[in-house]
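Input: a single structure, listed below in structure tokens.
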Amino acid sequence: MKISWRRDGQRNAARVLALGALLLGGAAACEQVASPEFEPSASVASGGDIGGTVVNLQGQPVAGALVSTPNGAQTTTNTSGSFVLNGLPPTSRLAVSVNAPGYDGTTAIYEVRAGVLLTRPIRIQPLAPPVVFPAGAGGTVPIAGGGQVIIPANAFPVPPATPVTVRATYIDPGNPVQFSTAPGDFTGRTFANTLVQIQSYGMLTVDVRDPQGQQLDLSPGQQAALQFPASGGTPPGTRPLWRFDALQGIWVEEGQVTVTPTTQNTTVGTLAPRRNVDVPFPPECISVQVLFAGTATPRTNEFVNAAGISYAGGTGGWTNGNGIVQLRVRASSQVLLRSGTAQQQVATPPPGTLGCPLVATLSF
């Protein structure tokens, strides 16, 4: 099924289309990620197309997943998990939401190039098992890997006897397959309104529903306690807490967590957005070239994913006419590069490296 983006939404694109194979990332070249405004590219007469294949943790296709953009373009995946959206306004970043019944949705970052189709893989994981309790009693919801969500009595705007269903779905940074479902491309916006690259110490979605399946959130003035599993071996202290902005495809700093030997603890006044415990890092630029196997012919418009091995983060982008893409990664780290059927593990440059060195050539 193909649905074209409506032209009457183009005026709004400049406001909302900002920001963003096992492991997935976003799409942005070095100079694009560094831009503080994330403005769309200049409008051209011809639109661009995006597509991909949505799979579960086992790599099986997810049919019927809803794929949508902030401006109202949408379609669903076919029986092979594939989709295409046609005629989108060209832009350097497009946050594309992917949701399916029974799954924890994600947001994939795309570039849109006039007159071409850009595709990428997308992975989603199932929602956590449900925990049901009366709203008036409150309850404790376990998080896989340790940790929990503690919801006080009468925290929701429903009668006390109303049974509420809560699912606390965790993305473990130590599980590469699960971590490949992470939304965005690990771009964050700090309290100081500065764009940074971040690495994750755990992500959490808390979904609350009433008996009719309507989503619930905390009443004004109520707070829930989040206890993320401790990860990464960081000593006790504090880390930043971030919420995910699905329209822009970025993480926005909103508070702090207190780290103990077993959990990372905080309180929140809303359960709606996905949360992430992250630490910013100074990124370095790398270049990757993709060629047709056995030739020096470049592969244009191929998606390249860079997934951190020695850190929990990643990004991605599409090759240019020379088969080259520039990506921002953590300095002095190990990264797994993937494109098509090719993959290669590389060491990233040390801090302060000039330019954007070519670190790998992938062929398939």
Query raised in the report: Can you find a residue in the range 183-192 that is farther than 17 Å from VAL252 by Cβ, part of a loop (DSSP other than H, G, I, E, B) and either out of contact with any Phe, Trp or Tyr (no Cβ under 7 Å at 6 or more places or on another chain) or of a type in the set (Phe, Trp, Tyr) (or both)?
Result: no
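Quick check on THR165: is it among the β-branched types (Val, Ile, Thr) and either open to solvent by less than 20 Å² (accessible area, probe 1.4 Å) or modelled with pLDDT under 95 (or both)? Walk me through it before giving the result.
Numbers: among the β-branched types (Val, Ile, Thr): yes; either open to solvent by less than 20 Å² (accessible area, probe 1.4 Å) or modelled with pLDDT under 95 (or both): no.
No; evaluated as a whole, the condition is false for this residue.
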Query raised in the report: Does PHE186 satisfy the criteria of being under 30 Å from ARG328 (Cα atoms) and either open to solvent by less than 30 Å² (accessible area, probe 1.4 Å) or of a type outside the set (A, V, I, L, M, F, W, C) (or both)?
Result: yes
Report summary line: Residue hits (the range 272-293; closer than 27 Å to THR341 by Cβ and polar (S, T, N, Q)) are SER287, GLN289
Requested in this report: Considering only residues that are assigned to a strand (DSSP E or B) and out of contact with any Phe, Trp or Tyr (no Cβ under 9 Å at 6 or more places or on another chain), look in the range 243-279 and name the one that is surrounded by the fewest Cβ atoms within 10 Å (Cβ to Cβ).
Outcome: THR267
Query - Failed condition for PRO240, given (1) over 19 Å from the mean Cα position of the chain (by Cα); (2) buried (at least 21 other Cβ atoms within 10 Å of the Cβ); (3) over 21 Å from ALA108 (Cα atoms) - result: (1)
Report task. Confirm whether SER97 is surrounded by fewer than 23 Cβ atoms within 10 Å (Cβ to Cβ), in contact with a strand residue (DSSP E or B) (Cβ under 6 Å, 6 or more places away or on another chain), at pLDDT 95 or above and under 12 Å from ALA246 (Cα atoms). Result -> yes
**Report entry** Enumeration of residues in the range 341-359 that are within 25 Å of TYR110 (Cβ to Cβ), touching a Ser or Thr at 6+ places or on another chain (Cβ under 9 Å) and not in a strand (DSSP E or B)
**Finding:** THR348, CYS356
Report task. Check the range 339-349 and report whether any residue there is within 25 Å of LEU118 (Cβ to Cβ), open to solvent by 30 Å² or more (accessible area, probe 1.4 Å) and in contact with a Pro (Cβ under 8 Å, 6 or more places away or on another chain). Result -> no
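The values are calculated or read from the model by the stated rules, or taken from the named source; none is laboratory data. It should be emphasised that the depicted structure is a prediction, and the values quoted were computed from it without experimental measurement. All Cβ positions, even for glycine, are placed from backbone atoms using ideal geometry, and neighbour counts span all protein chains on display. Side chains included, ligands, DNA and RNA excluded: accessible areas come from the protein's heavy atoms. Shrake-Rupley method; radii C 1.70, N 1.55, O 1.52, S 1.80 Å.
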